[in-house]
Each structure stands twice: as structure tokens, then as C-alpha cells.
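Written below as C-alpha cells is the structure these notes are about.
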Amino acid sequence: MGRGAKIEIDYLARVEGETALTVELDGAPLLQLKIFEPPRFFEGFLVGRKYNEVGDIVSRICGICPISHMTTAILAVEKATGIQVSEQTTVLRHLLAVSQIVASHLVHLYTLAMPDYYGYPGITGMLERFPDEMARFIRMKNVMNHLSGLIGGRPLHPVTHLPGGFTSIPHPDEFGGVLEELRSIRADAEQAVRDVVDFQLPEFFAPCENVALNTENRYSFNEGRIVSDRGLDISVDDYDAHFKEWEVPYAFAKQSAIAGRNIFRVGALARLSNKFDELADRTKSLAHEVCAGLREPNHNPFNNNLAQSLEIVEGIEQCIGILESRVFEEEEIDASPEPGAGGAATEAPRGLLYHWYRINRKGVVEQAKIVTPTAHNFLVIERDLKELVSERRDLDRGKLRLLCEQLVRAYDPCFSCSVH
Amino acid sequence: MSDGKPRIGVFKYSCCAGCEFQLIFFQKHVLETLGKVEIVFCRMLQSGGVEEGPFDVALIEGTITEQWQIEQLRKIRSVTTYVIPIGSCAVCGGVPAIKNNEQEYTIQSRVYEDTSRLTSIRAHSVDQYVPVDGYIKGCPMGERDLAEFVTSLLLGKRPEFIQYPVCVECKLQHNICVLVAYHWPCMGPVTNAGCGALCPSHDRECYGCWGPMKNAHARALANRFAKMGLSEEDICRRFTEFGEPTVEWKPGQVRRWDVVQK
Amino acid sequence: MSTSHSISADNLCRWVDSLAGRFQVLGPVAAKRGQNVFAPIDNSAPLALDYCTTMLGPRFFIYPSVQRLCKIDRETNTYMAADPGPARTQLIFAIHPCDMHAISVLDRTFLGPNKDFYYAKRRQETYTVVLNCSRACDQGFCASMGTGPFLRLTEGFDVVMTALDGEYLLEAGSPRGQELIETAPGLQKTGRMRLYEKSRLEQQAAASFTKSLETEGLPELLMRTFEHPVYKEVADARCLGCSNCVLVCPTCFCYKMVDRVDFEAKIVERSRHWDACQDYWFAEVHDGNFRQPQQARLRQFMTHKLCTWVEQYGCFGCIGCGRCMTWCPTGIDITEMAKEIQRAPTRQLELG
Amino acid sequence: MGNGNGSDILEDNPLIPQLARVQKKITESADTISLRLVRADSRPLGYRPGQFNMLGLPGFKEAPFSFSSLEDYTGTFVHTIRAAGNVVSALCRLRQGDHVTFRGPFGTGWPLDKALGRNLILVAGGIGMAPLRPVVDYVRENRDSFRDVFLLYGAKTTDDLLYRRQLAQWNEEITVLLAADRVRGELPLPVQEGVVTKLLPRVHTALSETISFMCGPQVMIKFAAGALLLDGQSAGDIYVSLERRMECGVAQCGHCQIGAKFVCKDGPVFALADITRFQDTLL
Ligand SMILES: Cc1cc2nc3c(=O)[nH]c(=O)nc-3n(C[C@H](O)[C@H](O)[C@H](O)COP(=O)(O)OP(=O)(O)OC[C@H]3O[C@@H](n4cnc5c(N)ncnc54)[C@H](O)[C@@H]3O)c2cc1C
Ligand code: SF4
Ligand code: SF4
Ligand code: SF4
């Protein structure tokens, strides 16, 4: 490969949002992830809005993880205003979160990542070659959409979810229907893991700190302390004291790091690395069978795909477990907000998501802060790319280019989110 | 339309990409939809593609918030038979246009320290810049209108998009009117239908995500909200969540709210 | 009308329980936050017999908001007709007199010279049991319209009930209604005294109305005053054009056809949906929109109900249930508008 | 037709259409065609001039179209159609042998009996000529039953005048006066430049002994009727055919109502006196 060479991908397709990539192979590798998705200023215009509008508005940050933004914002608003919710609400939020995480992983694996590994530009051409895989994907996707839609009113930008709880609770028969459907896709989910194993993910060692939310005894998504496999263990309330965010000149997304600690990664792989023991038995044995290597904290970012597929199985198991064991009843939302400030973090499909608000006497937002998983991963993606390029710089240019794209996609980044 | 499948380009501006997802992954007829049309350009869906057209149909998603977007939009218009904004962002400004309530710089400086490299402009709908051939409304765009659009393409007819207020759908669903019965500030009467009166069906008032209905009498509804005890700021907020730049809801935006500076 | 019977409240419940075995019984039940709705019931327990009015009259059981008409195969040009329903013979229990009158008004549209197949079938498959009102509801003015508080019809319904000191008086309006009554447990023949008490109660009930409308000469007056400024004033100030009024009105019959095509462009499903004359595009044709201004649409609603309906069908289109004014988000009240026209029929729009 | 199940629902159901085949398609002008249709079982419809059918194509819904031919009891009928909206454009794309659906005949038709033994003025604008052609045909077949008969017919341009080959022939039995906003193209008959109402001064006959039928754009009707009223014709002797939106054709859907009248059932032909007492007629 000649000197002075450069890899430039002026538009990264099949990721959410608008991004270009420049990798200088010359001398010291320079790398820039140019996130040129135009900024949308959510943190700017949320100021002046009412506490109970925030969830509906921030849902529009992302079309693929609207529930994560909505839930995180509502949790933060509740924290700030002292609104209490019932235990049932927490369970419903968990179901909602899981349904969306599974759906999001499915879309990522089958339509964004899979084409890479089989050499297709996108899903459309693959419909004929992979009819079983595509049918499986649609089957699972429809069930998860059904569950999100049942609880949220619609799967995209739910309408029932407000500070204080849910405006309406589906009829038990409707839950029963989804439960049946969930049971019917168990086998599909396990097959999804095998589909991803078939991808033959590249070997690549890029160690860093794996950060995720954690609770005892549960593979949770909406609550817990922020922990890492290298001993970080802080309360979400202390997020601001530890996490720093700054602007970079070549991107509209901000970068983020934990003060005084190593570079870190969030997402499915990071969750699995921290919470492997809390997986349901079914998921765990499957993980042991197909990919023993995931037991220990894993440092191959390409394996994020595998971690996602295991979360699909895990998510479906969790939903089945919950729906089998409880009934949901109608309840009235009773929310009277007090002034205050507060933040909340959840696990979005792509990793740790943080929202923080200060709300005044009139229930109006005075200040807002949102840090997305892709902002959390910004640094580590760049670092991994650099290492990948210097490790494989002798590769044919086209292959290297594809490998770079695969790596970025493995993180399943959401650039629209990052430039919210 | 050239013989064979209609050639479709999907373009995204400032938005959450939810409408693209709705098109590809969320509605019930994923494979049917993809099977009936040829998607020649859609970055979310595939690498490559023919960005410069020509297209039988260009689906435009997102609000226009940058100068370069206007220029690209004009190019698309010139090579496309039917330009259809999809989703509230493209149709009426949607959520991204909430920022129009304040000075651009005020908004910018709340988010970035270095505002010098920002080039954002006021957020506007697609039809403010180019003529369009219909709207698929909704946030995310509605399945019914999407299906109507696809089947109309197949039949070769002008799609009949829903053009009545949410109240009509609400009644067809036999919902009890939440505005009258419970005094919740429902935007249904001035909001274009298509969602199936989703919110009132789920025991909450409509917040207007389908955007303004043509000829909506916003002032009368705002007056009613005022009688119900909503403050001017609260009323204004209801009319600015989806449709800040539109004519229809202007009369409801009685007054800018007192922005709390810190 | 044949002999009347009375029945105790307990036995009435038992009767309903037994009817629920034979029919799909539909009755007034409590909904969230103090509202009532007509809904299917399996037994008498959920019945809320003291209900005031429901937002939607029981019209939608006979004239559904969405009625499938047929399926059409575009390739073979075959028509597969849709079953108008109902799946099971239905019985609407405790219809208020005004709503029963409303159904008889609708009959004139759908059972007239061009008899509507779908409506006729559903109407035939629906038993109607009326419950006379012993007190006025807030917004009702049925007494003025001659449709309440006690039923004035002599046919077109099956049974009429009147609550009399803890008992119910049952009278049949049709042979099949008579049969229905005879299935009730613990029936007692009633004497002339009971009927006398009934008419006294009716007078009492009629006297309890606070809302009224002077209908004498009203159609003629409205016909002369199409240009009255009240239409424009009310439309400009308050009318949202949301169509709530006409959608809750139990006599409104307008509909639109909707063709839904499948993704193969092969099967078309044709149905009709309730439509609303308040809709902006309701009267649009190639040549223009005949009722584009909101005031024209508001006037169409009011004058149709209180004026031109009489010429069309020989009765008012309004049965005085008060729904349109109750469920109008801004409370537009056709009786107030009518009063304003009656008060000052020659008033002109003040310019400037 | 209708060999699906539930046949009782298909019989005698005014909302379920019947099938007709396109026997012939005639191009009348740049945007207008005529379709000669034949009913599947060739039974005659028994329609009268001025009545209409709801023509439709599944998926495109239906729209009302006047008969533009005189009933000949062979089960065939002609509609002249100008491409405008959805149904119409689809109808215009039909080819010989294709099928359309129809429901009808609906409406009352022109009161030809009232015109017997009197003078008759026909005023047509644009596509409004279609429902008047069977009147012309009827008059020509029964010429002795009428006195002076005038056809005043206007269109945008000379080329937009319909039934161009027949106009001169008609002129042999009745007086045909033509107008066009822009005179362009050749026609055996003289065409006056301007709107159709400009032709009225050329009608010399006793208006008190005259019946007028008119069909065309609302503005045309408004001015033509206004002029005739001014000249002393009574509002009861002026008949207009109106256009309204119709979904059903059988006085159910409510769309076509003008005051107490259903255009589909009580019309589409009305005596002026009968409708001007209502609002929203635009007349
Ligand atoms: C009794 C009667 C007889 C008639 N006889 C004839 C006849 O003989 N020949 C004839 O050609 N016509 C006739 N018409 C008129 C014809 O019925 C109408 O033109 C027809 O209803 C149009 O139907 P459509 O479904 O194609 O139009 P639609 O698509 O339903 O639209 C109706 C009209 O609204 C306009 N419109 C609405 N939305 C749009 C949009 N988004 N873009 C553009 N335009 C829009 C169109 O101009 C269109 O004409 C008659 C009408 C009546 C009432
Ligand atoms: S609840 Fe809202 S949308 Fe429904 S009828 Fe009432 S005002 Fe209209
Ligand atoms: S009811 Fe209103 S806010 Fe809710 S989905 Fe429909 S349009 Fe959107
Ligand atoms: S017009 Fe109003 S009061 Fe009269 S019947 Fe209809 S809804 Fe009831």
C-alpha cells in the first residue's frame, strides 16, 4: 500500500444518521469520525417545555430507540420532581425496554450487519437469497413490535407513557396473545444466535473498560448502578461527577470519558461482560454452547453482534417470564411535580443513555442534558479503528475499508441520537 | 412511471429517521411494500444507490434546518415525478421546529460552546421550499396513508390521504371525548387524523403529532383551553409541539412563553 | 297495544339474565370517570339503568360507524358481498325514548324507497327495549321535540318499560315484543290505576325540563333567514369544524365510500364510513366547494335538523337529545342559535 | 357478475354494482372520450335523458355520469367523460373489451313532457353537453312535437366542442349556436368568440312559451339563467342539471343535498325555482 494513502468513506450507509469516516494511513494514523448529521438542539429547545411533554419530545430523538429516550427522560423527570410510580409501572417499563432492545438488535443484525458479512449492499437484494433468515427476522420483529405497541399504543413513539405511569393498561387477553407469540419465536431467537455465529466475525483484540448499568440478580435495563468490569461502581446520581463531555471540531456529536479512568465501551457486549451471571438459564447455556469466549469480559468489539443476538434470546425469555407470572391492572396516574433537578440512566440497545433535567415551580424545564450511547462510545470507536488500521494496514484497500465499516457498524452506532 | 416497479428514493433531513423505519420495519407489510417498489436510494437500507435519480417518487423525511438541504431538495424535485414529504417533520416542521420559538443563537448556545461552526437555519417543512404532490402525515407516518400511497402507485391513481380531524376517527372508534368529558386539553379537533385517534383511545389527550388539519380553527380551541384554566404558556406549548411554522396553528400560539434563562 | 304487565326490579334483572342467553344484549353500563356507554353485557349486573345519556346513541349497533359492503376481485370482476351482521341477534336494552325516536328517524332514510340492505338486515335482527325517562337530563329538550321523556311511538319498537315505584311497567310495541315480555319471570297483570300513575309520572317528568325549543313555525322561519348573522358569528368565534356534533347525533345518516386495496392490487374491500357535513371537503366537486366557509357548514347542520328535514321526511331531524351541544368542544348550541333567530329574525350582520 | 357467495345480498341491493363491457371508445376531444357500454346480460336499462349512472372501477370508487345517448332497448348506453379526477382518469384509460361497474339509472331526468308543444332552449357548457345530447336526439326523433328549438353550446376552444361531427347534422333540424372562449380550428358551423351567454341575444322566440334546459359550469348557469329571467322567462320553466358529490346515488350518503333536495333522487335536473330558495346552490 502506497504512502500518503487515505481511506475516506464519505457516507457511512446502514447506520442510523449521517457520518463520514477518514482514516489516514500515512505516518501516524489519523482518524476522524465525521458525524455531520445536522444538530437538532433538543437540549436547547427542551428548555421552556412542560415536564410532561419531555418524554413525547425526546422520543423523537431516535426512530429506532424512542422508548429508551422516552423512558430515560421520564425517569429523570420523576427523579427531579419527586413523582412516584407503582411497581407495576416499573415492570411495564421493563417490558417496553426489552421489546425495543430486541427489536433494535434484530434490525441491526439482519439488515445493517448481515449484508456486510455476505457481501450485499443492503437487505433488498438479500430477500431472495436468504428467505428463511428474512422470514425469521420479520416474525420476531413483528412480535416485538406487537409487544411495544400493546403497552405503548404504538411501537414507534409510544403514547401511553407519561411521568407517573401508563395512561392505559392492555387487557389481560391481549397480553395472553403476545405471550403465545413470544413462545412461538423462542426457536427463532436461538436460531438468530446461530445465524450470527455463521457471520464469522473477525478476530480483533481491543481491550478497554466495559461499562454498564447493573443490579443484583437481574439482567436489568432501566435501573442500577453504573459499574464496569474494572471496578467502577457509582450511583447514577454521581454521573456528572465522573463523566465528562466535550466538543470536537470535526463532528457535531460530543465525546465523553470517565474522569481519571481508562477508555470505555458501552452496549450489548459491555452489558454481557458485566452481567453474564445474571442471564436466564436458557440464555446462559446457549452462550456456553455457541460462544464460550463470552463468559469472560470480552475485548473483541465485533463480538457485539454476538452479544446482541444473545440479548435477543434473553429478552424474549424475560418477557415470557414476566407475562407468565403476573397480571396488570388499570391504575390512574397521579402526578404532582415538585421543583428540582435529577438525572437517570438506562441501557438503550446501544448502551448507557443518560438524561438530566432541572424543572422549576411551574413544572417547566430550565435545563436539559442528554448523553447518548454513541457519545459514550465515540472515543472507543475511533481508538478501535486506529488500532484496526495499524494492525491490518497491509490488507487490500477495499477489504480494509469494508473492515472499517464493519467495525463501526458492529457498535451499532446511532449518529442521529448522538447529534440530538 | 417507467414500466416495472416504481423507482423510489428516500431522503433524510433533520429527524429521528422513524419514518424510514416505519417504511421499512415497523408497518405490518414489510415484505409486501419492499416487493412492490424498487428502492433506488435509501442510505438507511443499503450502501450505494443512485442518489441523483431520476425517481418516480421521492419520499422526504425530516425538517429542513440547513442551507445545503434546500439545495439538495431542489435538485431532487427537478428529477422526480412525485415528491412526497413523509412524517410530521417534513410535513409541518414537527418536533425539530420547536426551536423556532426562540432565537437560533439562543438555542445553539445552550448546546454548543463553540457556535461558530454551526450553520443551522430556522426549521421549515419541505413544502416551504419546493412544491409537493401530497403528504403522508404522522409522527411516525401513518400506516394507513402509507398503504394507500403504495396501493395507489400500483393502481395508478391519486392517493386519497386522510384529511379530517382526529375527532372524526375518535368517534368512529366510539371513544368518549376526553376534552368534553374530562376537560383534558385535547388537540384532536385541530389535528389531522390518520392515527386512529390513538391517544384518546389510550386514555390520554391528543398532543397533535399528526400536525395541523387544513383550515383548523386554532383560535377557538385556544380560547376553550383558556376557559379550562390553561395558562397562556401552556396553550402556546400545545400549539407549538407539532407545527410551530404552520399557518393553521399560528392563532393558537397566543404568546411566546416565558423562557427561563439560567 | 296489548295488555300491560309489571315486574319487580329483581325479576327485571332475572329477565335480562335470561335474555342474555338468547341475544347479544346491549345496554347502558358505567364507563370510566362517571361516563356511561352502550356496551355488550352477559347479565344484568353491569346495567346502569339510571344513566343520563351516552355520548353515542345506540344508533351504531344498527348503523355501524364502519359497514363493510363487499369484496371485489379486480381480476375476475367477482363480487363477494359482506355479511351485514350482526353475528347474533341483538337486543338493545333500556334505550331512552329520544334514541328510539332517532332510530325511527333513521328508518326513513334507510328503509324508504331505496331500501338499504345492510341497515334493514341489522334493524330486523335487533330487538329494542325502551326505558321511559322519569326525569330530564341536563341538555335534553326532547319534550319540545315530541320525542320524550316518554315514548310517543306506536310502532317500530318492541317493548317499552316505565319505572314506577320500584317496579317496572312493561308494554309491548310489536308481536315479537309481546313474546319477549311473556318470557319474563314473575309478571303481573296491571290495572288501569297503574296506567294512570304512568301518565302522571309522564307529566311530572315533562315538567322537569329546563331546556326547550319553540318548534312552532321554526322550519318556516329558518327557511326565511338563511342569511342570519348568527351562523357567521358562531362559526367565526367557536366552530372548530371538528364534526363532533354530527358524529354524535343519533339521526345523522351521511356516509362516504372507502375502497381498500390489498398489496397485490387484486382484492378491493368496499365499506362505508360515517361522514360529516362539517368536513371541509364534504361538498367539494370539480366545479368548486359548495360549502367551503365554516358558517355554511354550520348552517347546513342546523337548518337540516330543524328545517329542511321536515320537508324531506315529514319530521324534525333533531330529537332533542342534546348531544351535539354537550359534545361540542366549544359548546355550540343549536337551540340557542334558533332562539337568537327567533328573537331577532331580521338582524343584519353589522359591518366594520 | 356477482357469482360470489351471499347472492341475496347482491340482488336488489342498490349499493352493489353491475358489470358492463366497453364496446367502443370514441375520442371526443383532447381530454374527453365517450364509452359505449353494454351490460353483461344485454338487458335494457330503461333510462331517460338526464338520468345518470354511478360508474366505477374497483379501487377507484365511483362517480356519477349522465347518459349521453338515448335508450335504444338493446342494453347498450353511452357515457361521455372528461378526464378530471381519479375515477374519471381511470375510466378514460379503459380500452375496448375492458369492464366497468355501474349502478343506475338514478335520478329524474329532463322534464321532456313539459316541453312538448313549446319552444325549447338548450344551454350547454363544456362537458355539460353530454346529458343534453339525448335531448337533442329525442327532439330530432319527435321534431313535430316541439316548436322552436335552440341549442346554445360553448366550450373553451373550438377544439373542445364535443360531438363535432354531429353538430352540423343537428343544425338541419334545430338551431345550433356555438361559442368558444378562443376560436381555434375548423368547424362546418360558425363559432362565436366568447362565453355561451353571448349567444342568447340571437335567440328570437317567445320566452313565455319556452322551456329551457341547461347544464354546465355553475357560472354559466348563473349568468344564462339570470339573463333568461331578466328577459322574462319564469323560474319554473328553467331547468338545470346540477353537479354534486355523490357516494351512493340513492339518497343515503347525504353529500348531494341542497336544502331539502337530494340531487341524486330529486334531481339532478331541477326547476330553478325549486332550488334557489335554498342556500349553497351558488346560483
Ligand atoms: C349527475 C351528474 C352527472 C355527471 N355527468 C358527467 C358526465 O356525463 N361526464 C363527466 O365527465 N362528468 C360528469 N359528472 C361529473 C363527474 O361525476 C365528476 O367529475 C366526478 O365526480 C369526478 O370523480 P372523480 O372520482 O374522478 O374525482 P375525485 O377524484 O373524487 O375528485 C373530485 C374532484 O375534486 C377535485 N379534486 C379533489 N382532490 C383533488 C386533488 N388532490 N388533486 C386534484 N383534484 C382534486 C378534482 O378536480 C375532481 O374532479 C357528473 C356529475 C353529476 C353529479
Ligand atoms: S377526545 Fe379529542 S380527538 Fe376525541 S373527539 Fe374529543 S376532542 Fe376530538
Ligand atoms: S391522537 Fe394525536 S398525538 Fe396521539 S397519535 Fe394521534 S395525532 Fe398523534
Ligand atoms: S341535532 Fe343535537 S340535539 Fe338534535 S338529535 Fe342531533 S345531537 Fe341530539
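The values are calculated or read from the model by the stated rules, or taken from the named source; none is laboratory data. Fair warning: this is a prediction, and the values are worked out from it, not measured in the lab. Cβ: placed from backbone, ideal geometry, glycine included. Neighbour counts: every protein chain shown.
Do the conditions hold for D:Gln257, that is, is it facing chain C (nearest Cβ under 9 Å) and of a type in the set (S, T, N, Q)?
Yes.
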Inset, instruction - Report yes if some residue within region B:195-202 is out of contact with any His (no Cβ under 7 Å at 6 or more places or on another chain) and more than 10 Å from ligand 3 (Cβ to nearest atom); otherwise report no. - result: no
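Looking at D:Val240, D:Val250, which is the one that is closer than 27 Å to D:Pro14 by Cα and within 8 Å of another protein chain (Cβ to nearest Cβ)? It would help to see each step written out before you state the result.
Details: D:Val240 fails: within 8 Å of another protein chain (Cβ to nearest Cβ).
So the residue among D:Val240, D:Val250 that is closer than 27 Å to D:Pro14 by Cα and within 8 Å of another protein chain (Cβ to nearest Cβ) is D:Val250.
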Legend entry - Sole residue being within 13 Å of chain C (Cβ to nearest Cβ), within 15 Å of C:Asn77 (Cα to Cα) and modelled with pLDDT under 90, chosen from D:Gly4, D:Gly56: D:Gly4
Inset, instruction - With the checklist (1) more than 9 Å from chain B (Cβ to nearest Cβ); (2) in contact with a helix residue (DSSP H, G or I) (Cβ under 7 Å, 6 or more places away or on another chain) in hand, flag the one item A:Ile123 doesn't pass. - result: (1)
Inset, instruction - Return yes when B:Val166 is over 27 Å from B:Ile86 (Cα atoms) and within 11 Å of ligand 2 (Cβ to nearest atom) and no when it is not. - result: no
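For (1) within 14 Å of chain B (Cβ to nearest Cβ); (2) closer than 19 Å to A:Gln318 by Cα; (3) touching a helix residue (DSSP H, G or I) at 6+ places or on another chain (Cβ under 8 Å), each residue gets a yes or a no:
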residue	(1), (2), (3)
A:Leu150	yes, yes, yes
A:Val159	yes, no, yes
A:Leu179	no, yes, yes
A:Leu182	no, yes, yes
A:Val197	no, no, yes
A:Pro202	no, no, yes
A:Phe205	no, no, no
A:Glu209	no, no, no
A:Asn214	no, yes, yes
Inset, instruction - Kindly provide the set of residues from region C:179-217 that are of a type outside the set (D, E, K, R), in a helix (DSSP H, G or I) and surrounded by fewer than 18 Cβ atoms within 10 Å (Cβ to Cβ), ordered by number. - result: C:Met193, C:Leu195, C:Tyr196, C:Ser199, C:Gln203, C:Gln204, C:Ala206, C:Ala207
Legend entry - Unique match (being within 12 Å of ligand 2 (Cβ to nearest atom), part of a helix (DSSP H, G or I), within 26 Å of C:Gln295 (Cα to Cα) and not assigned by TED's automatic domain parsing to the domain that holds B:Ile84) among B:Phe239, B:Phe225: B:Phe225
Legend entry - Where a residue in region C:320-339 is in the same structural domain as C:Leu298 (by TED's automatic domain parsing) and its partner, wherever it lies, is within 11 Å of ligand 4 (Cβ to nearest atom) and among the basic types (Lys, Arg), with Cβ under 8 Å and at least six apart: C:Gly322/C:Lys211; C:Ile334/C:Lys305; C:Thr335/C:Lys211
Legend entry - Filtered residues of region B:191-200 (kept if near ligand 2 (Cβ under 9 Å from one of its atoms) and either outside any loop (DSSP other than H, G, I, E, B) or without any contact (Cβ under 8 Å) to a residue 24 or more places away in the chain (or both)): B:Thr191, B:Cys199, B:Pro200
Inset, instruction - Test D:Lys114 against the stated conditions and say whether it is free of Cβ contacts under 8 Å to residues at least 40 places away in the same chain and within 20 Å of the chain's Cα centre (by Cα). - result: no
Inset, instruction - Considering (1) at pLDDT below 95; (2) surrounded by 24 or more Cβ atoms within 10 Å (Cβ to Cβ), say which one A:Ala335 fails and leave the rest. - result: (2)
Legend entry - Matching entry among C:Gly288, C:Gly314, C:Gly320 (being on the phi > 0 side of the Ramachandran plot and within 12 Å of ligand 4 (Cβ to nearest atom)): C:Gly320
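For (1) of a type outside the set (A, V, I, L, M, F, W, C); (2) within 28 Å of C:Phe253 (Cβ to Cβ), each residue gets a yes or a no:
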residue: B:Ala181; (1), (2): no, yes
residue: B:Pro185; (1), (2): yes, no
residue: B:Ala193; (1), (2): no, yes
residue: B:Cys199; (1), (2): no, no
residue: B:Arg224; (1), (2): yes, no
residue: B:Glu232; (1), (2): yes, no
residue: B:Glu244; (1), (2): yes, no
Inset, instruction - Restricting attention to region A:354-410, report how many residues are more than 24 Å from A:Met114 (Cα to Cα), surrounded by fewer than 21 Cβ atoms within 10 Å (Cβ to Cβ) and touching a helix residue (DSSP H, G or I) at 6+ places or on another chain (Cβ under 7 Å). - result: 2
Inset, instruction - Consider only pairs whose beta carbons are under 7 Å apart and that are at least six residues apart or on different chains; among these, list those whose first residue lies in region C:119-143 and is away from chain D (no Cβ under 14 Å) and of a type in the set (Val, Ile, Thr) and whose second residue is part of a loop (DSSP other than H, G, I, E, B) and within 16 Å of ligand 4 (Cβ to nearest atom). - result: C:Val130/C:Leu151
Inset, instruction - Could you please find all residues in region C:308-352 being among the aliphatic types (A, V, I, L, M) and assigned to a loop (DSSP other than H, G, I, E, B)? - result: C:Ile319, C:Ile332, C:Ala344, C:Leu349, C:Leu351
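Just checking, which of A:Leu213, A:Leu179 is within 28 Å of A:Leu310 (Cα to Cα), modelled with pLDDT of 90 or more and assigned to a strand (DSSP E or B)?
A:Leu213
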Inset, instruction - Inspect all residues belonging to region A:175-193 and state whether any of them is away from ligand 4 (no atom under 16 Å from the Cβ), without any contact (Cβ under 8 Å) to a residue 24 or more places away in the chain, within 23 Å of B:Met141 (Cα to Cα) and out of contact with any Asp or Glu (no Cβ under 7 Å at 6 or more places or on another chain). - result: no
Legend entry - Counted residues, region C:278-299 - those being touching a Lys or Arg at 6+ places or on another chain (Cβ under 6 Å), facing chain D (nearest Cβ under 7 Å) and either at pLDDT 95 or above or crowded, with 21+ Cβ neighbours inside 10 Å (or both): 2
Inset, instruction - Scan region C:228-284 for residues that are in a loop (DSSP other than H, G, I, E, B) and basic (Lys, Arg) and jot them down. - result: C:Arg238, C:Lys266
Inset, instruction - Return the residue satisfying two criteria in turn: it lies in region B:152-170 and is more than 8 Å from every other protein chain (Cβ to nearest Cβ) and away from ligand 1 (no atom under 13 Å from the Cβ), and of such residues it is modelled with the lowest pLDDT. - result: B:Leu153
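Taking helices (runs of 4 or more DSSP H) that do not extend beyond region D:47-143, which have at least 2 residues that are away from ligand 1 (no atom under 13 Å from the Cβ)?
In region D:47-143, D:112-115, D:133-141 are the helices (runs of 4 or more DSSP H) which contain 2 or more residues that are away from ligand 1 (no atom under 13 Å from the Cβ).
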Inset, instruction - May I ask you to verify whether C:Gly177 is within 16 Å of C:Gln124 (Cα to Cα) and in contact (Cβ under 8 Å) with a residue 60 or more places away in the chain? - result: no
Inset, instruction - State yes or no: is B:Val180 more than 12 Å from chain C (Cβ to nearest Cβ) and surrounded by fewer than 23 Cβ atoms within 10 Å (Cβ to Cβ)? - result: no
Inset, instruction - Sort out which residues of region A:230-244 are at pLDDT below 90 and crowded, with 17+ Cβ neighbours inside 10 Å, and write them in order of number. - result: none
Inset, instruction - Return a yes/no flag: does region C:35-46 have any residue that is of a type in the set (Gly, Ala, Ser), closer than 30 Å to D:Val100 by Cα and crowded, with 17+ Cβ neighbours inside 10 Å. - result: no
